[in-house]
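Reading through the structure tokens given below for one structure.
The values are calculated or read from the model by the stated rules, or taken from the named source; none is laboratory data. The model shown is predicted, which means the values in this text are computed figures rather than measured ones. Note that we place each Cβ from the backbone using ideal geometry, even for glycine, and neighbour counts take in every protein chain shown. We work out accessible area using only protein heavy atoms, side chains counted, and drop any ligands, DNA or RNA first. Shrake-Rupley method; radii C 1.70, N 1.55, O 1.52, S 1.80 Å.
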Amino acid sequence: MRLKSLSPTPKPSIEFEALGTHWFIQSADGISSSLEKKIHSTLERVDKTWSRFRDDSLVVEMATKKGDYPLGNTDQKLLEWYETLYRVTEGDVTPLIGQTLADAGYDQTYRLKPKEQLAKTPGWNEVIERIENGVRIKTPRLLDVGAAGKGFAIDQVAMLFKDKSYIIDAGGDIRVQGDPQTIGLEDPSDQAKLIGTFQLENKSICASAGNRRAWGEWHHILDPKTSLPTRKVVATWAIADCAMHADGIASALFFTDPEKLVSLGDFSYVVMYENGQVYHTNSKQLTLFT
């Protein structure tokens, strides 16, 4: 008599939609059904806390009334990272851009039609005060954590794998543990082409470009000082130990020269400008096609 296992066989990979993007997760060690449930539960928690695209999120509540809002330790780290990015970029990377983005057309309904007058982005101290167990909202304001939030979500999923190998790809932002992976750098002017590759090992790579979320003359990377889309830089890639840092640095590179970001930690980068020039760190893992 043969015994039949009651435990489902772990999947080598899973794919699904979450946080407004496509996720692909692979592990040589397999992904059990219980781990898969934890992944979805983790992303739901992140979404319900930080999404400005759902009515029941904490962020939407913050936009309607001032007060003290409790946050878990991991969520506090995201807010702390934003405060650091805000300081280093002199206010150019800010979660307070949310209402400006919504007014530009990138709102809950994806209206994609700018209002005649856009809300101005306030300063950090006008709205936010970090407190011991969370955040104090002094003035209700719609937050947007898109500059580092997807990387934050990737890191939360990565924590579930512990010492196991994995590839986590969320809409092209990737974190790898285990065997090195060759990652293509998409040409922002032609999604069928690459401008180069990066050999990624036990690190994260995140990219940002105006072509991915664009409508009319607008895209989602706005300068908070002008409320207009940035133009000088067309695409950035950042490689760091965790995805939250890589994501935030990729955003910061749209506004700030890489040399001024050294205080953010050890990272590699590629920046493409509107005139076609490409600047990058010297790295053996980076190959650019000329």
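Only one of the listed residues (Val234, Val278, Val271) is in contact with a Ser or Thr (Cβ under 9 Å, 6 or more places away or on another chain) and farther than 28 Å from Val157 by Cα. That residue is Val234. When you scan segment 245-261, do you find a residue that is in contact with a Lys or Arg (Cβ under 7 Å, 6 or more places away or on another chain), modelled with pLDDT of 95 or more and open to solvent by less than 50 Å² (accessible area, probe 1.4 Å), even just one? Yes, because at least one residue in segment 245-261 is in contact with a Lys or Arg (Cβ under 7 Å, 6 or more places away or on another chain), modelled with pLDDT of 95 or more and open to solvent by less than 50 Å² (accessible area, probe 1.4 Å). With respect to (1) touching a helix residue (DSSP H, G or I) at 6+ places or on another chain (Cβ under 7 Å); (2) within 30 Å of Gly105 (Cβ to Cβ), the lone exception for Arg130 is condition (2). Of all positions in segment 185-202, none carries a residue that is of a type in the set (Val, Ile, Thr) and either touching a helix residue (DSSP H, G or I) at 6+ places or on another chain (Cβ under 8 Å) or under 23 Å from Val262 (Cβ atoms) (or both). Does Tyr69 satisfy the condition of being open to solvent by less than 20 Å² (accessible area, probe 1.4 Å), of a type outside the set (S, T, N, Q) and more than 21 Å from the chain's Cα centre (by Cα)? When the stated conditions are applied, Tyr69 passes them. Strands (runs of 3 or more DSSP E) fully within segment 160-237 that include at least 1 residues being within 30 Å of Ser34 (Cβ to Cβ) and among the small types (Gly, Ala, Ser): 166-170, 204-209.
For every residue, the table says whether it meets (1) aliphatic (A, V, I, L, M); (2) surrounded by 21 or more Cβ atoms within 10 Å (Cβ to Cβ); (3) at positive phi; (4) modelled with pLDDT under 95.
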| position | (1), (2), (3), (4) |
| --- | --- |
| Thr64 | no, no, no, no |
| Leu85 | yes, yes, no, no |
| Val88 | yes, no, no, no |
| Ile97 | yes, yes, no, no |
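Residues in segment 63-86 that are small (Gly, Ala, Ser), in contact (Cβ under 8 Å) with a residue 60 or more places away in the chain and farther than 10 Å from Val135 by Cα: Ala63 only.
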